[in-house]
Each structure stands twice: as structure tokens, then as C-alpha cells.
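Please treat every number below as a calculation from the coordinates, not as lab data. Just so it is clear, the model here is predicted, and its values are computed rather than measured. In this analysis, Cβ positions are derived from the backbone assuming ideal geometry, glycine residues included, and neighbour counts consider all displayed protein chains.
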Amino acid sequence: MPTPSPQAAATDVLARAAGLPPLVTAVVHPCDESSLAGAIAARDHGLIAPILIGPEEKICRVAAEAGLDIAGVPIDPVPHSHAAAARAVELVRRAEARTIMKGSLHTDELLAEVVRRDIGLRTARRISHVFVLQVPGYDRLLFVTDGAVNIDPCLEEKADIVQNAIDLAVALGVVRPRVAILSAVETVTSKLRSTLDAAALCKMADRGQITGGLLDGPLAFDNAVSPEAARTKGIASEVAGRADILVAPDLESGNILAKQFGHFSGATAGGIVLGARVPVILSSRADSLASRVLSAAVAVVFANARPAAAT
């Protein structure tokens, strides 16, 4: 049976989301054209019911200058970006919003409020970011983690990063996702910590500490995504050559890997932060409208598959 094209896979995500009610979304400080346009595009696709949080005059000015129709969209007026982030978290805690969307503020400023120990949205799971990529030439959606939140994660943090990515892939319809733990080589060596972490993560999965996916590693990138490369290296694995999830050793490599797909391969990339009580839609200022809509669709499907954690 032929494998689905990546375009069909992404279309399937949008179709899954289209069958669900719009997600009430706290849009944090949408005070530039790209972030406000992304929220309105997601609304127009029937994905979200946005609440725009930020300086009202500035939001209205941006909308007017960009020709964006925000008639009927509620605006929650606060004076600045920090207050907007705090207000978004408050709306989630009061069950008045089911997800958060980043606007024109720094990621650190938003996530600092999300992970506050006293009144944030923490769970027992560490938060992490997952890129969801539609890559031309690859026959399925590709998930890359973590390229945005955890700088140099330890083994226990990587276990949460892997579990978050598996949970997302399963929510999007991937049955027992194949997880490649990346390094520069395929053999375990004490000279490369990433290979030791990869081996430990695979054993953690064997012991039920990570569930729902099929793990293998260490794997170099080519052996993770190319059946030919895996065969040439003599790697016998159910994951090698057909990975659904790529787990990077650290934030730098994960970020570079995900972004090169977009700039050199023409991929469309969505992305959300997981591990908090609700998903956080985390877009870059350089993201296209298509990427922003895909991110919103991913959040909608995930939020409906896995209800928000209790307070």
C-alpha cells in the first residue's frame, strides 16, 4: 500500500482539527503584524477563538495598518507584554482559555509565567518544544525535539522530552511512533554523552519508564531518516531509516536541524510546547502564516486528545 505524502499528512492534521470546536486561545501580546495575522488566520480556519491580550490601542492600530478584521474578537487590555503573559496564565487557571499563543514577546518572558511554581501551569512533566514538520520528499510528518526550550538537558529531562513528543505524535494519529535518539555516531562511547543518553533512554523504554513509542539510538541523522544509509551501515532496526521523531542532543542542534528543513527543504513547520497544563503555541517572528495555522491545528488536536491537567 502506498505511503501517504507529507502534504497529505499535514492536511490530515488540519482535517482532524477542523472536526473539533474552536479552541479558546489566549493570544499573548499580538502587537506586530505577523503575530496578529497568525491569530486571525487560525480563527478564520475555525481552529481557535482568540482572546487578544495586550495594549488595546496598539493592537487596534496594528490591525488597522495591516487590514486585519478583528471585529468581534475580545481584547483583554493590559499595559505591557509581561502583564499579558501573566494574564494568559490566569485565564487558563480559571478555565477561561484552553491554550496559549505567543505573540510579539520573547519566548523566555512567556514561558517564565507558564512555569512559575506558585501560580503557573506546571505539571509533573518537564516542558519541552516539538517542531511538527511537513518535509517535501519524506513520506510522513516529522517531529523534531527539543529545539526551543531545554538548552542542555540531562538524562531525566530527555526522558520527559521524548515522552512529550510521543504523546503528541500519538495524538496526531501516529501509532507507536518510531523515535530516533540522535548523535554523531551509531555506537555507544563515553567520549560522546549523547550516545550514553541514547542508550539509557532506550533501556528506560524497555523498562516502561517511557511508553507509547519505539526507541532506538544512538543514530546519526542519515541513518534515522534514510533506509539506504541504514542498510549501508548494517543497522538492523525498526526505527532506522523511517523515524517519526528525531530527538536532538541539545537545543542548538535541534533548532538548527528543524530550521534547515524550512530554509533548505521547503518544509512547513508548526510547533507547540508540551508538559504544561495546556499546550503553548510557540511561533517565531519569521514563521509563515501556513506555519502558524499548522501550529494552531496541532494544538487543537492535542488539547482535545489530552484534556488540561487539574489544578
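Quick notes on this one:
- Segment ASP139..ASP12, full-extension length gain: 44.4 nm, with 0.36 nm per residue of separation and the alpha-carbon distance subtracted.
- 0 to 90° range, to nearest 10: angle between helix 6-18 axis and the chain longest Cα axis: 40 degrees
- Binned Cα-Cα distances of the chain, short to long, each 10 Å bin given as a whole percent: 6, 29, 34, 21, 8, 2, 0
- Ordered by the count of other Cβ atoms within 10 Å of each Cβ, fewest first, MET204, MET101 give MET204, MET101.
- Contour excess over end-to-end distance, with Cα ends at LEU192 and GLU228 and 0.36 nm allotted per residue: 10.5 nm
- Taking 0.36 nm per residue of separation and subtracting the Cα-Cα distance, full extension of the segment from HIS82 to ARG61 would add 5.6 nm.
- Candidates LEU142, LEU201, LEU20, ranked by Gaussian network fluctuation over the chain, Cα under 10 Å, top entry: LEU20
- Only lysines eight or more places from LYS233 in sequence, or on another chain, were considered; those with a Cα closer than 23 Å are LYS191, LYS203.
- Taking the fewest neighbouring Cβ atoms within 10 Å as the starting point, the ordered list for LYS259, LYS191 is LYS191, LYS259.
- Gaussian network model of the chain, springs between alpha carbon atoms under 10 Å - residue of THR145, THR107, THR189 with greatest fluctuation: THR189
- Rounded to whole numbers, the Karplus 3J(HN,Hα) couplings from phi for segment 35-42 are 6, 5, 5, x, 5, 6, 5, 5 Hz, using 6.51 cos²θ - 1.76 cosθ + 1.60 with θ = phi - 60°, and x at Gly and Pro.
- Alpha-carbon centroids, segment 24-81 and segment 105-140: separation in whole Å: 21 Å
- A simple rule links phi to the HN-Hα coupling: the Karplus curve 6.51 cos²θ - 1.76 cosθ + 1.60 with θ = phi - 60°, which for segment 287-301 gives 5, 6, 4, 4, 5, 5, 5, 4, 4, 5, 4, 4, 5, 4, 5 Hz, with x for Gly and Pro.
- Segment 124-275: antiparallel DSSP beta bridges as a percent of all, rounded to 5: 50 percent
- Selected from PRO249, PRO30, PRO21 as most flexible by GNM, with the chain as the system and alpha-carbon contacts under 10 Å: PRO21
- Compared with the dominant principal axis of the Cα atoms in the chain, helix 81-93 is inclined by about 80°.
- Against the chain, whose longest principal axis is taken from its Cα atoms, helix 155-171 shows a tilt of about 70°.
- Residues VAL73, VAL280, ranked from the fewest to the most other C-beta atoms within 10 Å, line up as VAL73, VAL280.
- Shape of segment 178-266 from the C-alpha gyration tensor: rounded (a/c under 1.5, with a ≥ b ≥ c the square roots of its eigenvalues).
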